[in-house]
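Notes follow the structure.
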Amino acid sequence: MASASDQPVSSASKPPRALHRLLFLVAMYASIQALRFGSNLVLTRLLAPEILGIMALLNVVMQGLQMLSDTGIGVCIVQSKRGDDPIFLRTAWTIQIIRGLGLWFLAALCAWPAAWFFDDARIAASCRLGPEGEGWGVVSYALAFERVGAMRYARATLTLDALAEAARERGKLDDPVIQEKLGAARTAVEASRLLSYRVIDLRAKGSEPTADTNIARVAGTLCENAVSDLALEIYGAEALAYGNFAESYWRLAMTAGVAVGTTEINLNLIASRWLDLPRE
């Protein structure tokens, strides 16, 4: 008689690959942003303002070269069925090495013309944004309204309508739990829409940023999370199947709290700047 350890493990007991892929993408994106932010902070302390400006120009050139040569290898590894195959991974690694050498060669070719073009560059005072020495205020103002106008609530509304129809087809629309979650998701979506309109109105009038900008970001994240959780409730495991529209939305909703500014940072800003709550 076969022991319990000899029995095959059912696929239902294994963590879904979609979840692994999603967590990998989120972790990779968050790590890149954290490293970029940290390196910028270090450079501002180590380099003189003139040198920092040169580094900013170099970063623009390098980012352009990387974007033009991006082949999507990381995404292919995550989505491919051969993502765990050592041969497949070694091939991807080799392609990345060749790409890196090519970028180095192109950057070396661009070095002389770039140095000639930017030599002794000067910008007229009329092109300066804001008063002298107040650059951080200009950046803070722009960041306060960044991406708030992105209509995430519109996508959530369309997805919510499709989920309600799917619940009706599956005979789940009469379930009190589903009805409650549908109502809660609809409320969250509507709150996100109204808060986004309020922030857009503030921006159009040239008003100073308020707590509404941070609240709107948090509301957008909460509405997408509510809709994605509802998709899991209605579709079950099918919501994680690759190609299912619910899986696509659920995957994007997982990154909402990072792409528009981390929810934790927005909540901290609301607490410290607007509610004047203690840090401890």
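Values in this text are rule-based calculations from the coordinates and carry no lab data. Remember, predicted model here, so these are calculated numbers, not experimental data. Heads up, the Cβs are rebuilt from the backbone with ideal geometry, glycines too, and the neighbour counts pull from every protein chain shown.
If the chain between TRP93 and LEU68 were fully stretched, how many nm would it gain, using 0.36 nm times the residue separation less the Cα-Cα distance? Each step should come with its number before you reach the end.
Working: separation 25, 0.36 × 25 = 9.00 nm, distance 1.86 nm.
Separation in residues times 0.36 nm, less the Cα-Cα distance, equals 7.1 nm.
Compute the angle between helix 86-117 and the longest alpha-carbon principal axis of the chain, please, reported from 0 to 90 degrees and rounded to the nearest 10.
The angle comes out at about 20 degrees.
Using a Förster distance of 30 angstrom, determine the FRET efficiency expected from the C-beta separation of SER31 and TYR141, and round it to 0.05. Please list the in-between numbers first.
On the way: r = 28 Å, r/R0 = 0.94.
According to the calculation, E is roughly 0.60.
Any idea how far the Cα center of segment 47-118 sits from the one of segment 122-199, in Å?
Value for the Cα centre distance between the two parts: 32 Å.
Do the sum for the chain: with -39,500 (n - 2.57) for every DSSP H run of n ≥ 4, divided by all residues, what is the mean residue ellipticity at 222 nm, to the nearest 500 deg cm²/dmol?
On the way: 11 runs with 192 residues, N = 280.
The helix-only estimate for the chain comes to -23000 deg cm²/dmol at 222 nm.
So for the pair LEU41, THR210, with labels modelled 7 Å out along Cα→Cβ, what separation do we get in nm?
3.1
Å³ per residue of the Cα convex hull, for the chain? If you can, show how the numbers build up before the last one.
Working: hull volume 64.7 nm³, N = 280.
With only Cα atoms used, the chain gives 231 Å³ per residue.
May I ask for the percentage of alpha-carbon pairs in segment 15-118 that lie more than 25 Å from each other? Before the final figure, lay out the partial values.
Working: 2103 of 5356 pairs.
Of the Cα pairs, 39 percent sit more than 25 Å apart.
Using a Förster radius of 45 Å, what is the FRET efficiency between GLN79 and SER272 based on their Cβ-Cβ separation? Nearest 0.05, please.
On the way: r = 40 Å, r/R0 = 0.89.
After rounding, the FRET efficiency stands at 0.65.
Give me the net charge for the shell around ARG193: Cβ to Cβ below 12 angstrom, other residues only, Lys and Arg +1, Asp and Glu -1.
On the way: positive: ARG152, ARG155, ARG186, ARG198; negative: GLU190.
Spelling it out: positives minus negatives among the neighbours equals +3.
Fully extended, how many nm does the chain gain between GLU190 and LEU23 (0.36 nm per residue separation, minus their Cα-Cα distance)?
Going from the current span to full extension adds 57.3 nm.
So what's the angle, to the nearest 10 degrees on a 0 to 90 scale, between helix 135-144 and the longest Cα principal axis of the chain?
20
Between helix 176-204 and the chain, what is the angle of the helix's C-alpha long axis to the longest principal axis, kept within 0 to 90° and rounded to the nearest 10?
Its long axis makes an angle of about 20 degrees.
Limiting things to C-alpha atoms, what are the Rg and the maximum Cα-Cα separation (Dmax) for segment 135-274, in angstroms?
Cα-based Rg and Dmax for segment 135-274 come out at 16.6, 58 Å.
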